Amino acid sequence: MPLKLLDTYDLSKYVIILTGATDGIGKEMARILSGFNPKRLILPARNKEKGKKVLEFIKSSNGHTNNVEIWEMDLADLQSVKNFANKFINEVGELHMLFNNAGYVGGVEINKTKDNLESQFQVNHLSPFLLTLLLLDTIKKSVSAKLPGKIAFTSSAAHFDGKIDFDNLNLEQGAYWNPLKAYANTKLMNVIIAKELGRIVQNENISTYSLHPGVIKTNVNNTSDTFGYLVISLFFLFMGETAEQGAINTLYPVIFPENKETGKYYHEGIEKEPNKIANDQEVVKKFWDVSEQILKDRGMI
């Protein structure tokens, strides 16, 4: 999908949040989006120094940083996500596009967050789900038929190897730990949430998307000494496309103005049928409800 397809968009009426903008395709997505003159482009970042470097990267690339802001948020901390959402609602109160793009792949050992949840389950699924739920009313109030809302989840073709095990959603049980299998499960969760959310908001002038950007030469893990990271990095190094191409594959289905269908899965920018589990409404509804209950039990919603 060529870059010229993203040459002419005007996002001057749009307030946008993009997670995962400090590395890889997210960094390129931030650069591209900033060039479309958004009303505000807010980039949540766990690491402030990386946030500053993103601003420097954007400024050196296209100079469009006047409307770009770095806000603090850590997806490995549910309270941090809630604090971000509350601040955004109080200080901005307007949102048209939410890109849940941040991702994480675990290593040879199970890694827990401060919320005592497996890191991939929280960073890839539960925290983006929380952020979306907390900001949903704001999006509903902000959008219209002429200014439609967009909610996107960066997933992966790995989701075809995923499953939903309601007895092991936190990805801890079993005779051995497989970080790539756990990653596939969380990417399936992204597809399921996008699909169910699309059904819920279908009459709200909001479209939802789950997207596989392609196999990208990018860093999806901060634990560079782990076996999982080394295997993935070598694969991406030899097989991956550029981060810019991944960003285009992710952005195009979302901001293309004629694309108003909701809940669809896109593979490198092209609509494709997802894992059949995502079409099992009984599983989808149960997974949504269980995810909500986990957040309720922790006082997040």
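Read-outs: derived from the displayed coordinates by stated rules, not from any lab. All of these numbers come straight from a predicted model, not from anything done at the bench. Cβ: placed from backbone, ideal geometry, glycine included. Neighbour counts: every protein chain shown.
Table for the structure above
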quantity	calculated
Placed amide H near residue 212: partners under 5 Å, 5+ positions off or other chain	155, 266, 267, 268, 269
Segments 149-157, 193-201, 278-286 sorted - mean Cβ within 10 Å per residue, highest first	149-157, 193-201, 278-286
Selected from 42, 192, 110 as most flexible by GNM, with the chain as the system and alpha-carbon contacts under 10 Å	110
Within the chain, percent of DSSP bridges classed antiparallel, to nearest 5	10
Distance-filtered residues of segment 270-288 - backbone nitrogen under 16 Å, label point 7 angstrom along residue 199 Cα→Cβ	274-288
Out-of-range pairs (alpha-carbon distance over 32 Å; input 27/141; 59/195; 39/187; 82/146; 48/141)	59/195
Charge dipole of the chain about the Cα centre (unit charges at C-beta), most positive-ward option of 45, 97, 197	97
Three-way shape call for the chain based on the alpha-carbon gyration tensor, with the a/c threshold at 1.5	rounded
Sequence-distant aspartates and glutamates (8 or more away, or on other chains) whose Cα lies within less than 14 Å of residue 13	94
Partners for residue 112 among aspartates and glutamates (Cα-Cα distance below 16 Å; same-chain residues under 8 apart left out)	74, 77, 172
Gaussian network model of the chain, Cα within-10 Å springs - most flexible of 265, 209, 252	252
FRET efficiency for residue 50 and residue 140, using Cβ-Cβ distance with R0 set to 22 Å, rounded to 0.05	0.10
Potential lengthening between residue 259 and residue 87 on full extension [0.36 nm per residue; Cα-Cα distance subtracted]	58.8 nm
Label-point separation in nm, residue 286 to residue 112, each point 7 Å along Cα→Cβ	2.7
